[in-house]
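Before any comments, here is the structure.
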Amino acid sequence: MMTKEHYNWATLGTGVIANELAQALQSQGRTIYSVANRTHEKGLAFAQKYGIDKVYDKIDDVFDDPDVDIIYISTPHNTHINFLRKALAAGKHVLCEKSITLNSDELDEAIKLAQKNHVVLAEAMTIFHMPIYRKLTEIVNSGQLGELKLIQMNFGSYKDYDMTNRFFSRDLAGGALLDIGVYALSFIRWFMASSPKQIASQVQLAPTGVDEQAGILLTNDEGQMATITLSLHAKQPKRGTIAYDKGYIELYEYPRGQKAVITYTEDGHQEVIEAGDTAQALVYEVADMEKAVAGIENTMHLGYTQDVMDIMTQLRKEWGIVYPEEE
Ligand SMILES: NC(=O)c1ccc[n+]([C@@H]2O[C@H](COP(=O)([O-])OP(=O)(O)OC[C@H]3O[C@@H](n4cnc5c(N)ncnc54)[C@H](OP(=O)(O)O)[C@@H]3O)[C@@H](O)[C@H]2O)c1
């Protein structure tokens with residue numbers, strides 16, 4: 001167990017989401033300790049923007065730095081496993097952006113490596129850290145909504161038909177499932193009693209051969225069901241509806257949700273539940289990761305990440321989507 005007041009975070013990647021990590025730490029009066037990036041100049045610019053002193057000449061230098069405690073990986077999905085192998089073997093704790101790996105085999109390998117090296121491995125899944133989810137779990141566990149019957153999930157994101165960007169590129173492990181489906185699946189896993197085993201789906205492919213849109217139907221051993229509709233070229237509300245036999249919960253903007261409405265169907269009354277702040281999503285994630293690293297409490301839910309990865313792996317097998325690394 002390593003307990004420190006603050007851990008030294010290194011960012012591996014300096015794109016959109018790495019900026020959000022830097023801003024989250026900044027909002028706490030902290031700074032990322034060091035920067036590793038493929039394009040050195042972009043690493044330097046990122047460091048200058050956030051007042052970070054250390055930029056490695058080569059990405060691999062980050063793994064050898066004894067002062068780095070936690071590495072945050074935010075490069076494209078297909079690059080994660082190679083960085084995970086090196087980081088975990090070097091004894092670093094890792095918070096890795098979604099989707100954590102391409103498939104279950106890669107994830108199993110990373111988990112074994114983390115166990116062997118006694119470090120924390122986690123996927124940066126905002127859903128598992130937003131306070132609203134814990135609040136809703138308390139309400140659900142109180143029994144006032146009755147039994148879970150159905151979950152209905154939408155996620156639509158309009159991405160331009162540029163087949164070279166990471167959303168549609170097969171070489172960058174694009175596709176709706178790994179980019180946005182991972183949120184919908186993590187949401188259903190959070191609320192379902194067990195991981196769904198019966199899965200049916202339909203998919204439409206983009207010209208590159210990755211999944212552009214899909215409909216997925218899932219049922220677990222308890223008979224709880226979920227439907228998911230995904231699109232990378234049509235907006236839909238980011239809405240999760242969780243239906244119990246005595247009422248339903250609607251949660252909007254669910255990847256970083258802060259507000260839900262509960263309708264109690266026996267008398268029609270509604271209750272608005274608010275907890276947490278969308279803008280603080282990465283602050284919650286960092287705090288939970290540091291608690292796990294300190295050995296205080298592990299609320300990173302790697303088990304849910306594994307269940308979600310198993311479903312995504314099965315779906316892509318059925319859809320015949322194979323990434324170059326898997327050939
Ligand atoms: N949790 C969230 O809310 C959220 C939001 C957005 C994205 N994400 C996830 O975060 C990851 C990155 O997304 P992003 O939108 O931040 O991407 P981005 O802005 O395109 O940045 C990508 C980063 O990865 C680096 N990179 C690209 N290809 C690489 C390679 N082959 N080897 C090493 N480094 C490489 C880039 O380096 P260069 O500077 O050299 O180009 C850049 O630093 C994805 O896994 C995505 O799913 C999560």
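Read-outs: derived from the displayed coordinates by stated rules, not from any lab. Because the structure is predicted, anything quoted here is derived from the model rather than measured. Neighbour counts are summed over all protein chains in view; Cβ atoms, including those assigned to glycine, are modelled from backbone coordinates with ideal geometry.
Things to note:
- Global form of region 174-250, assessed from the alpha-carbon gyration tensor, a/c cut-off 1.5: prolate
- In this rough spin-label picture, where each label sits 7 Å from Cα along the Cβ direction, the Lys246-Ser194 distance is 2.5 nm.
- Cβ-placed point charges (K, R +1; D, E -1), dipole of the chain about Cα centre in debye, nearest 20: 280
- Here's the picture: charge each Lys and Arg Cβ at +1 and each Asp and Glu Cβ at -1 in region 139-202, and of Leu185, Phe167, Leu150 the one pushed furthest to the positive end of that dipole is Leu150.
- Build a GNM of the chain with springs between Cα atoms under 10 Å apart, and of Gln306, Gln314, Gln213 the one that fluctuates most is Gln314.
- Using C-alpha pairs under 8 Å with a sequence gap of at least 6, the mean separation divided by the residue count of region 240-327 gives a relative contact order of 14 percent.
- Both radii come from the Cα set of region 71-129: Rg as radius of gyration, Rh as Kirkwood radius; their ratio Rg/Rh reads 0.92.
- Gap separating the Cα centres of region 274-327 and region 42-117, nearest whole Å: 15
- For region 65-150, applying the loop criterion from DSSP together with a ceiling of 15 other beta carbons within 10 Å to the GluC sites (Glu not before Pro) yields Glu147.
- Each 5 Å bin, from zero up to the one with the longest distance, holds this percent of the alpha carbon pairs of region 192-314: 2, 9, 12, 15, 19, 19, 14, 7, 2, 0, 0.
- Shape class for region 109-221, computed from the alpha carbon gyration tensor (a ≥ b ≥ c): oblate, with a/c not under 1.5 and a/b at or below b/c.
- Among the listed pairs Lys238/Lys291; Lys42/Lys259; Lys58/Lys116; Lys112/Lys238; Lys4/Lys235, those with a Cα-Cα distance over 32 Å are Lys42/Lys259; Lys112/Lys238; Lys4/Lys235.
- Calculated on alpha-carbon atoms, Rg and Dmax of region 9-126 in Å: 13.4, 39
- At q = 0.09, 0.12, 0.14, 0.15 Å⁻¹ the log10 of I(q)/I(0) for the chain amounts to -0.47, -0.85, -1.15, -1.30, computed by Debye summation with a single uniform scatterer per C-alpha, solvent ignored.
- Dipole axis of the chain (+1 Lys, Arg; -1 Asp, Glu on Cβ), positive-most option in Ile249, Thr299, Ala89: Ile249
- Dividing the summed -39500 (n - 2.57) terms of all DSSP H runs of n ≥ 4 by the residue count of the chain sets its mean residue ellipticity at 222 nm at -9500 deg cm²/dmol.
- The alpha-carbon of Lys317 sits under 18 angstrom from the alpha-carbons of these aspartates and glutamates, leaving out residues fewer than 8 places away in its chain: Asp105, Glu106, Asp108, Asp171, Asp179, Asp211, Glu212, Asp307, Glu325, Glu326, Glu327.
- Taking GluC sites (Glu not before Pro) across region 266-318, the ones in a DSSP loop with at most 10 further Cβ atoms lying within 10 angstrom of their Cβ are Glu266, Glu297.
- As an equivalent ellipsoid, region 57-164 spans semi-axes of 33, 21, 13 angstrom, where each value is the square root of five times an eigenvalue of the C-alpha gyration tensor, largest first.
- For region 9-126, size of Cβ-based charge dipole, Lys and Arg +1, Asp and Glu -1, in debye: 140
- GluC sites (Glu not before Pro) within region 1-60, DSSP loop, no more than 14 other Cβ atoms inside 10 Å: Glu5
- The share of Cα pairs per 5 Å bin across region 265-327, counted from zero up to the longest distance, runs 3, 12, 11, 12, 12, 12, 16, 14, 5, 2, 1, 0 percent.
- Across the chain, the mean sequence separation of Cα contacts (distance under 8 Å, 6 or more residues apart), normalised by length, yields a relative contact order of 18 percent.
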